[in-house]
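The values are calculated or read from the model by the stated rules, or taken from the named source; none is laboratory data. What you see is a predicted model; the values in this text were computed from it and never measured. As a convention, Cβ positions derive from the backbone with ideal geometry for all residues, glycine included, and neighbour counts pool all protein chains shown.
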Amino acid sequence: MLPVAFCGTMKKCESCGMPMEAKEDFGGGKEDNKYCVYCTDKDGNLKTRDEVREGMVSFYMKSKGMERAVAEKFVDEYMKTMPAWKD
Ligand SMILES: [Zn+2]
C-alpha cells in the first residue's frame with residue numbers, strides 16, 4: 001500500500017480515509033487538518049478510537065445495510081490500515 005502522499009493531490013482523512021476537498025470537510029474547518037470533520041470535535045481535535053469506530057459502524061450499517069457484527073468486523077479491519085489507528 002502506498003503512503004497517502006503518493007495518492008495524488010487529493011487529501012484524505014488519516015482516520016477514516018474520506019477525501020477532503022471543501023474547507024468544511026476538514027476538522028475544525030482547518031485545511032491543514034489531517035482529519036475530517038466526522039473524526040474530530042468542533043475544534044478539530046481527533047475523537048477517540050471508540051467514537052470514530054462507532055461513527056463508521058453506524059455509517060456502514062445505514063449506507064450498506066450491514067448488520068452490526070459485520071460492520072464492526074469490517075471497520076476494525078479497515079481502521080488497521082489508517083495512519084491514525086494502526087499500531
Ligand atoms: Zn475522518
Q) Does region 56-68 contain at least one residue that is surrounded by 13 or more Cβ atoms within 10 Å (Cβ to Cβ), within 11 Å of the ligand (Cβ to nearest atom) and assigned to a loop (DSSP other than H, G, I, E, B)? A) no
Q: Within region 55-73, work out how many residues are within 13 Å of Gly17 (Cβ to Cβ) and among the hydrophobic types (A, V, I, L, M, F, W, C).
A: 2
Q | Among the candidates Glu24, Glu51, Glu72, residue that is more than 14 Å from the ligand (Cβ to nearest atom) and either modelled with pLDDT under 95 or of a type in the set (D, E, K, R) (or both) | A | Glu72
**Q.** Failed condition for Gly29, given (1) within 11 Å of the ligand (Cβ to nearest atom); (2) surrounded by 13 or more Cβ atoms within 10 Å (Cβ to Cβ)
**A.** (1)
(Q) Whether any residue in region 33-54 is under 21 Å from Pro19 (Cβ atoms), over 15 Å from the mean Cα position of the chain (by Cα) and not in a loop (DSSP other than H, G, I, E, B) is what I want to check. (A) no
Q.
Cβ-Cβ distance below 6 Å, separation of 6 or more or different chains: which pairs start in region 48-61 with a residue that is under 10 Å from Tyr38 (Cβ atoms) and end on one that is in a helix (DSSP H, G or I)?
A. Met56/Val75
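Sort out which residues of region 35-52 are surrounded by 19 or more Cβ atoms within 10 Å (Cβ to Cβ) and of a type outside the set (Phe, Trp, Tyr), and write them in order of number. Please lay out each step first, then the result.
Of the residues in region 35-52, the ones surrounded by 19 or more Cβ atoms within 10 Å (Cβ to Cβ) are 35-37, 39-40, 46, 52.
Result: Cys36, Val37, Cys39, Thr40, Leu46, Val52.
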